[in-house]
Amino acid sequence: MLETFAESYRLGIDWAVIDPAIDWTRYREGITNAAMRWMIDHRDATWMPHNLQHTKVYYDHGLLDDCFADTHNSVTGLYGGMAIMPDAIAVNLLAITEG
């Protein structure tokens with residue numbers, strides 16, 4: 001969703017115009033804030049690639065450090081999925097501040 005919001009911002013798409021019943025600013029703030037807490041650090045063994053096992057090698061070598069996990073399992077405490085590049089977070093932060 002972060003990539004979608006980032007690209008929407010780049011394209012000038014205003015989700016509030018498309019569906020005014022949803023508080024899109026609050027939604028974007030929530031998912032961006034959550035993702036910022038999920039920064040990958042290969043020294044922290046809480047990240048697992050759920051569906052792309054080959055990415056574990058990248059993680060083990062620190063190649064995904066400073067990217068962000070796209071899922072969090074609140075039961076196990078593990079982060080996972082695929083790595084979100086930092087620029088998606090940055091673009092969303094910019095969009096939030098320009099609100």
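The values are calculated or read from the model by the stated rules, or taken from the named source; none is laboratory data. A quick note: this is a predicted structure, and the numbers were derived from the prediction, not measured. Here the Cβ is made from the backbone with ideal geometry for all residues, glycine too, and neighbour counts use every protein chain on show.
Odds and ends about this structure:
- Residues in segment 59-99 that are in a loop (DSSP other than H, G, I, E, B), modelled with pLDDT of 85 or more and among the small types (Gly, Ala, Ser): Gly62 only.
- Qualifying residue in segment 16-38 (condition: touching a helix residue (DSSP H, G or I) at 6+ places or on another chain (Cβ under 9 Å), aliphatic (A, V, I, L, M) and more than 16 Å from Ala95 (Cβ to Cβ)): no
- Criterion violated by Val91 - all others in (1) surrounded by 15 or more Cβ atoms within 10 Å (Cβ to Cβ); (2) out of contact with any Leu (no Cβ under 9 Å at 6 or more places or on another chain) satisfied: (2)
- Count of segment 70-86 residues which are among the hydroxyl-bearing types (Ser, Thr, Tyr) and exposed (fewer than 14 other Cβ atoms within 10 Å of the Cβ): 2
- Matching residues, segment 17-32, being of a type outside the set (Asp, Glu) and closer than 13 Å to Ile96 by Cβ: Trp24, Thr25, Arg26, Tyr27, Arg28, Gly30, Ile31, Thr32
- Candidate set: segment 43-58, residues that are more than 13 Å from Leu78 (Cα to Cα) and β-branched (Val, Ile, Thr); chosen: the one modelled with the lowest pLDDT: Thr55
- Count of segment 1-42 residues, restricted to those that are within 24 Å of Leu78 (Cα to Cα) and either in contact (Cβ under 8 Å) with a residue 12 or more places away in the chain or part of a strand (DSSP E or B) (or both), is 15.
- Of note, Arg37 satisfies the criterion of being within 28 Å of Tyr9 (Cα to Cα) and either in contact with a Pro (Cβ under 9 Å, 6 or more places away or on another chain) or surrounded by fewer than 18 Cβ atoms within 10 Å (Cβ to Cβ) (or both).
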